[in-house]
Amino acid sequence: MGEPMNTLKTLSITTALLFGMTTAAVAQDAKAPAAGKAPAPATAAVAPKMEAPKPPVEVADMAKAMAGTWRCTGKVSPGGDASKTMEVKATIKSKLDLDKWWISMSGTTAGKPAYKWNELTTYDASVKKWFRIGADNMGGSDNLTSTGATAGKIVWDGESRSAQAGKVAKVRFTDELTTAKEFKTLHEISMDGGKTWATTLDGVCKK
């Protein structure tokens, strides 16, 4: 509308121009909101739906093999001391847990006082490595990793902390699924940084 306003100074405004300006003003007033009435609020943008990450298929596959209740027998040598070796029996229960991201395993030995433990196992596809954390009813804990199974065996390497001895030692656990209803487990400990190893558990578990 800047051009029509300038022509007012020339005194050559025509009736048609005046009519056009009046029509435009009326049309503008018609579009304006009524007095005292607030304009309609703008429609809020819909946030994209959040999708939960999918758990690794490797975890589900291992869970199928390990799920259920296992009855175990074996020999335990506390701290790797062969002179203290004793026979033990235990029950282990394993299941897929935490929205299928972890394999949860809990175990308890027969007799009193009973030794109890819990383990959580998962797989990180970004580094192609397995991770396992464990804790027991005597304040001890394990932190283990594995690159996976080779020739039917999976070896776990890491550290074990003893709340009783106040020490952290290197440990190596080897699990072997011999049949669909049996697996063997061998636990070893090193108190000299991995130079020498001693057996702490040699057992077999069956469904």
Taking into account only those residues within the range 136-160 that are of a type outside the set (S, T, N, Q) and in a loop (DSSP other than H, G, I, E, B), which is surrounded by the fewest Cβ atoms within 10 Å (Cβ to Cβ)?
-> A151
Scope the range 179-207; condition exposed (fewer than 13 other Cβ atoms within 10 Å of the Cβ), of a type outside the set (K, R) and within 18 Å of A65 (Cβ to Cβ); matching residues = T179, A180
The range 149-178: number of residues that are in contact with a strand residue (DSSP E or B) (Cβ under 9 Å, 6 or more places away or on another chain) and among the polar types (S, T, N, Q) = 4
Report, by residue number, each residue of the range 90-131 that is in contact (Cβ under 8 Å) with a residue 24 or more places away in the chain, in a loop (DSSP other than H, G, I, E, B) and over 22 Å from K207 (Cβ atoms).
-> D99, W101, A125
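Where residues in the range 169-188 are hydroxyl-bearing (S, T, Y) and more than 25 Å from the chain's Cα centre (by Cα), which of them is farthest from T85 (Cα to Cα)?
Result: T179.
How many residues does the range 109-126 contain that are surrounded by fewer than 16 Cβ atoms within 10 Å (Cβ to Cβ) and touching a strand residue (DSSP E or B) at 6+ places or on another chain (Cβ under 9 Å)?
6
Read the figures in this text as sums done on the coordinates, not as results from a lab. None of the values given here were measured: they were computed from a predicted structure. With ideal geometry, Cβ positions are generated from the backbone for all residues, glycine too; neighbour counts draw on all protein chains shown.
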